[in-house]
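The values are calculated or read from the model by the stated rules, or taken from the named source; none is laboratory data. Note that the structure is a prediction, hence the values are computed from the model and not measured. Quick reminder, even Gly has a Cβ in these numbers, built from the backbone with ideal geometry, and neighbours come from all protein chains shown. Ligands, DNA and RNA are stripped out before the accessible areas are found, and what is left, the full protein with its side chains, is counted by its heavy atoms. Shrake-Rupley method; radii C 1.70, N 1.55, O 1.52, S 1.80 Å.
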Amino acid sequence: MSEGMKTQVGLSKSFQDYFLIGAAVNHRTIVSQSELLRQHYNSITAENEMKFESLHPEENGYAFEQADRIAGFARDNGMKLRGHTLVWHNQTPSWVFEDGNGGLAGRELLLARMKSHIETVVERYKDIIYCWDVVNEAVTDSGEESLRPSKWLHGIGEDYIEQAFRFAHEADPKALLFYNDYNECNPGKREKIYSLAKSLLENGTPIHGIGLQAHWSLYDPALDLIREAIERYASLGLKLQVTEMDVSVFAFDDKRTDLTEPTAEMMRLQEERFKQFFDLFREYKDVLTSVTFWGAADDYTWLDHFPVRGRKNWPLLFDTNQQPKTVIQLLMGQ
Ligand code: HAH
């Protein structure tokens, strides 16, 4: 066998002619799931370690250690790294929005802080991070308003999104810059995201893609709505990435907490859904450049706590023992 040839075939290898296969990792899972990650994934995203509150907890102090470890894991293993995320209303420390005298930071101060944060972080990882979620979740889920009321919007104004993309582009002109959001297939929210991206393009903002988080379930969204969302976003000429996929075994309003393992019916439905999603994704390989899961295996998922406290979920392709679910054979047999 020639040098460099992989002896073990993995999921990402099976999809090498289509798109990258990624997983969110954290400082624990790059240890506890390292073999699984190496075998099956060719892209990673830091679940929390590159968010504002993790990297920049105080104005004059950055904390790079855990993010550096994740960047190192990607470098050591020849994996792609997605950056997540520069500007978001959550997991951002309160000092950012304060003026230090008991008042709120004004527009110029906020813009200066945003610029300096983006420059520092993007420049630090520009050798390995090839794309960034520049702005996360800026759009409302429902109602007339398009932009979510947030401290960024309130303090800077509607152009905060465009400013963030410009700062990121200046810091690394080669990085691909994404707008990322959830409920991205809901027709009402889809149109708001579409209009936002369209107006950014029209005023010359350096945006290159839309991230579809894809926090889905056995029941939602319907396949037709996923296809419509892909078509709609792709019509802007932007690249698309599935950035945070998981397939919850519970319907949105299901609050049951009694299960210690998924039912056979849940696994059957999940397999069917994954199969449908990947058949669809393959059809769009020219616009869809990466499919990232928000975790690598069911032994760790953020959905174990959210939105029902203490309830376990089984939303990923590998089980709690990091063994492939049966759907993996179907996906890899293509
Ligand atoms: C995502 N939000 C975030 O982008 C990601 O950074 C985080 O780790 C998990 C999920 C999804 C979301 C949310 O946080 C709250 C309500 C709905 C959806």
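Observations on the model:
- For residue 200, neighbours were defined as the other residues whose beta-carbon sits under 12 Å from its Cβ, and their charges (Lys and Arg +1, Asp and Glu -1) total -2.
- Segment residue 89-residue 120, extension gain: residue separation times 0.36 nm, minus the distance between their alpha carbons: 9.2 nm
- GNM flexibility winner over the chain from 304, 76, 220 (Cα, springs under 10 Å): 76
- With Cα atoms, 0 to 90° folded angle of helix 223-234 axis to the chain main axis: 40
- The packing ranking of peptides 161-170, 199-208, highest mean first, is 161-170, 199-208, where packing means the average number of other beta carbon atoms within 10 angstrom of each residue.
- Looking at the stretch 195-334, the accessible area is 45 square angstrom per residue; that uses a 1.4 Å probe and ignores ligands, DNA and RNA.
- Given 126/151; 174/275; 275/325, the pairs whose alpha carbons are separated by over 24 Å: 126/151; 174/275
- Modelled label positions at residue 227 and residue 147, each set 7 Å beyond Cα in the direction of Cβ, lie 3.6 nm from each other.
- Applying the criteria of a DSSP loop state and at most 14 other Cβ atoms within 10 Å to the GluC sites (Glu not before Pro) of the stretch 43-102 yields 59.
- Per-peptide average of other Cβ atoms within 10 Å, ordering 13-19, 23-29 highest first: 23-29, 13-19
- Residue list for the stretch 192-214, given a label point 7 angstrom along the Cα-to-Cβ vector of residue 159 and an amide N cut-off under 20 Å: 196-208
- Rounded tilt (10° steps) of 107-124 against the dominant C-alpha axis of the chain: 40
- Share of carbon and sulfur in the accessible heavy-atom surface of the chain [1.4 Å probe, %]: 48
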